[in-house]
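Just so it is clear, none of the values below were taken in a lab; they were calculated from the coordinates. Please read these numbers as outputs of a predicted model, since none were measured by experiment. All Cβ positions, glycine included, derive from the backbone under ideal geometry; neighbour counts span all protein chains shown.
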Amino acid sequence: MSDSGTYQRLIDLLDSTATVYKIIDHKPEGTTETVSALRGHPVSEAAKCLILIVKIDRRITRYVLAVVPGDRRVDLNAVRTLFAARYVGFSDAATAERLAHAVPGTVLPFSFHPELELIADPGVTALPRLYFNAARLDRSLVISGEDYARVAQPRIERIAGPVPE
């Protein structure tokens, strides 16, 4: 599935679930801090979406799409504990692109791949406005955290590190 196919799949999903959303066009950018400034909101209102590799043991590997507030880091130890895994780290770019159907910097906070488990921090679903790149570097969407939880149906777990000081 191409990036444009992923974008259209997202729009179709939001439309079919009567989800209110706003499209924001901006210059191409994939880093959370920079794109948040372009969109005009605090970084804490962005969804930071990262693909993780979770090695349960020597034979079993899983992939997780971790979604945390944009001003936070993913707590890899928290994810390791959730899965009782021996290792958790960031996926390589090729695997992330294959699973997310999007290039790094445009990964959606939605999973459209059966091998990619979606886990969101409760700090994401509590946001009145959640901003994220929409499988494109030049376009973002904003929806409510409540609508995000309803439509994406993530596993909600505390996976964000502490708020930076």
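Results, tabulated for the structure shown:
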item: Residue of Asp25, Asp92, Asp121 that the Gaussian network model of the chain assigns the largest fluctuation, springs spanning Cα pairs under 10 Å; result: Asp92
item: Förster radius 25 Å - calculated FRET efficiency between Glu115 and Ala37 (Cβ-Cβ, nearest 0.05); result: 0.15
item: Cβ-placed point charges (K, R +1; D, E -1), dipole of region 1-117 about Cα centre in debye, nearest 20; result: 480 debye
item: Amide proton proximity set for Arg129, modelled H, under 5 Å, gap of 5+; result: Gly145
item: Per residue Cα convex hull volume in Å³ - calculated over region 56-116; result: 94 Å³
item: Sum of side-chain charges, Arg62 neighbourhood, beta-carbon under 10 Å (Lys, Arg +1; Asp, Glu -1); result: -1
item: Extension gain (nm, one decimal) between Leu13 and Ile56, 0.36 nm per residue minus Cα-Cα; result: 12.3 nm
item: Distance histogram for the chain (every C-alpha pair counted, 10 angstrom bins, percent rounded to whole numbers); result: 11, 42, 37, 9, 1
item: Axial C-alpha extent at least 18 Å, average Kyte-Doolittle at least -1.0 - helices from the chain (DSSP); result: 3-16
item: Qualifying trypsin sites (Lys or Arg not before Pro) for region 98-162 [loop in DSSP, other Cβ within 10 Å: at most 15]; result: Arg129, Arg158
item: Cβ-based exposure ranking for Glu146, Glu117, Glu45, Glu165, in which fewest neighbours within 10 Å come first; result: Glu165, Glu146, Glu117, Glu45
item: Most mobile of Phe110, Phe83, Phe132 in a GNM of the chain (Cα contacts under 10 Å); result: Phe83
